[in-house]
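Here's the structure, in structure tokens; my notes come after.
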Amino acid sequence: MIVETNIPPAKRNCLILTVAIPVLAVAPASVGQLCQQQQKLIASDAAAGDSFGVSVALSGDTALVGAYADDHPGASNAGSAYVFIRSGSVWTQQAKLVAADAGADDLFSFSVALSGDTVLIGAINDDHEGGNLAGSAYVFVRSGSVWTQQAKLI
């Protein structure tokens, strides 16, 4: 998966992020420039079967990583998304995002998108008034270092 950022070509650096499963995000680099892995990202509460890394997005110094099979108390495979921020060459987990109405098998974070301080996270199996397994998308916004669910799109 190639993820482009809005960095002018003269200021682009190669960035490789790997996650717990073999998923790779690479920012564009100049021809001939060597790329090296900067850091392996792992969820602070990583568990077998979470599918961490199934979806990824990158915007500037913020990375969003989906784990659609992450379990919540009473809700297996509800899903979560993890926000990592970069300072220098070090990536740190800033937040774990979960749907306010998380339910079993929602698969929250099957798809993710990130732009600045706003994320959009898909939950393809979410049940709601539209029907069972109808799916939905959640919008979260960041203020400072705090992420808040702003909307659920159905």
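Of the residues in the range 124-149, how many are under 20 Å from A63 (Cβ atoms) and outside any loop (DSSP other than H, G, I, E, B)?
Of the residues in that region, 11 qualify.
Within the range 70-81, identify whether any single residue is crowded, with 18+ Cβ neighbours inside 10 Å, farther than 20 Å from T148 by Cα and out of contact with any Asp or Glu (no Cβ under 8 Å at 6 or more places or on another chain), and answer yes or no.
Looking for residues that are crowded, with 18+ Cβ neighbours inside 10 Å, farther than 20 Å from T148 by Cα and out of contact with any Asp or Glu (no Cβ under 8 Å at 6 or more places or on another chain), one finds none in the range 70-81, hence no.
Could we say that A123 is farther than 27 Å from Q38 by Cα, touching a residue at least 40 places away in the same chain (Cβ under 8 Å) and within 13 Å of the chain's Cα centre (by Cα) here?
Yes.
Among the residues of the range 46-87, which ones are farther than 22 Å from Y138 by Cα and part of a loop (DSSP other than H, G, I, E, B)?
The answer is A46, A47, A48, G49.
Within the range 48-57, identify whether any single residue is among the small types (G, A, S) and within 18 Å of Q149 (Cβ to Cβ), and answer yes or no. So that I can check it myself, show each step before the final result.
As a first pass, look at the range 48-57 and keep what is among the small types (G, A, S): 48-49, 51, 53, 55, 57.
Okay, now just the ones that are also within 18 Å of Q149 (Cβ to Cβ), so 55, 57.
Among the residues of the range 48-57, at least one is among the small types (G, A, S) and within 18 Å of Q149 (Cβ to Cβ), which makes the answer yes.
Quick test for you: out of A29, A10, A57, A25, pick the one residue that is among the aliphatic types (A, V, I, L, M) and modelled with pLDDT of 90 or more.
A57
Answer with yes or no whether A104 is part of a loop (DSSP other than H, G, I, E, B), in contact with a strand residue (DSSP E or B) (Cβ under 7 Å, 6 or more places away or on another chain) and of a type in the set (A, V, I, L, M).
Judged against the criteria, A104 is a match.
Out of the residues in the range 126-148 that are within 17 Å of the chain's Cα centre (by Cα), exposed (fewer than 13 other Cβ atoms within 10 Å of the Cβ) and polar (S, T, N, Q), state the one that is farthest from A100 (Cα to Cα).
Once the filter is applied, the top-ranked residue is S145.
Mind telling me which of the residues A100, A123, A151, A104 ends up being under 20 Å from P73 (Cβ atoms) and exposed (fewer than 13 other Cβ atoms within 10 Å of the Cβ)?
Values: A123 fails: exposed (fewer than 13 other Cβ atoms within 10 Å of the Cβ); A151 fails: under 20 Å from P73 (Cβ atoms); A104 fails: exposed (fewer than 13 other Cβ atoms within 10 Å of the Cβ).
The match here is A100.
Which one of the conditions (1) modelled with pLDDT of 95 or more; (2) at positive phi does G88 fail to meet, given that it meets all the rest?
With (1) modelled with pLDDT of 95 or more; (2) at positive phi applied to G88, the lone miss is (1).
The values are calculated or read from the model by the stated rules, or taken from the named source; none is laboratory data. As the structure is a computational prediction, the values presented were derived from the model and not from experiment. Positions of Cβ are generated from backbone atoms using ideal geometry, with glycine treated the same way; all protein chains shown enter the neighbour counts.
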